[in-house]
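Please treat every number below as a calculation from the coordinates, not as lab data. Keep in mind it's a predicted model, so treat the numbers as computed, not measured. Glycine also receives a Cβ, built like all others from the backbone with ideal geometry; neighbour counts cover every protein chain displayed.
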């Protein structure tokens with residue numbers, strides 16, 4: 001069984017729409033927080049890793065599935081893990097639940113392409129990223 005990296009966040013006023021529920025686009029913010037903190041937890045803070053490895057990891061695909069609404073002040077858990085390493089990309093999966101509950105609120109994935117910072121051309125995912133994230137790779 002692979003590990004999941006989990007963050008906790010509250011649904012904030014700025015996350016909600018006029019109907020009083022979370023605006024669907026705000027899930028991307030939660031996914032990005034979980035992504036950034038997952039990388040940081042394995043010693044790959046983006047500010048350091050991008051400079052040291054001379055890469056960027058732009059998003060080339062973002063997918064969401066919504067199951068239940070969230071409202072202001074809901075405390076959520078966002079789980080993140082690697083579902084796939086490609087040669088020149090990686091796919092991160094995300095699962096959102098209300099803290100203390102098991103029913104999925106939302107889920108999705110983001111495909112990150114690996115590109116050279118100087119040319120913005122596709123390049124191989126560095127071995128260091130693969131090795132450090134391996135504990136979070138789905139089997």
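Points worth noting:
- Once the chain from residue 87 to residue 21 is taken as fully extended at 0.36 nm per residue, the excess over their C-alpha distance is 19.9 nm.
- Prolate/oblate/rounded call for the stretch 66-111, Cα gyration tensor, a/c under 1.5 rounded: prolate
- Computed [θ] at 222 nm, deg cm²/dmol, the chain (DSSP H ≥ 4; -39,500 (n - 2.57); rounded to nearest 500): -6500 deg cm²/dmol
- Helix 26-41 and the longest principal axis of the Cα set of the chain meet at an angle near 50°.
- Once C-alpha pairs closer than 8 Å and six or more residues apart are averaged by separation and normalised to the residue number of the chain, the relative contact order reads 31 percent.
- Applying 0.36 nm per residue to the separation of residue 72 and residue 46 and subtracting their alpha-carbon distance, the gain on full extension is 6.4 nm.
- Cα gyration tensor shape of the stretch 82-139, rounded if a/c is under 1.5, else prolate or oblate by comparing a/b with b/c: prolate
- Taking the fewest neighbouring Cβ atoms within 10 Å as the starting point, the ordered list for 131, 32 is 131, 32.
- Note on Rg and Dmax of the Cα atoms in Å: of the candidates (i) 14.6, 51; (ii) 15.7, 46; (iii) 13.7, 39, the value calculated from this structure sits at (ii).
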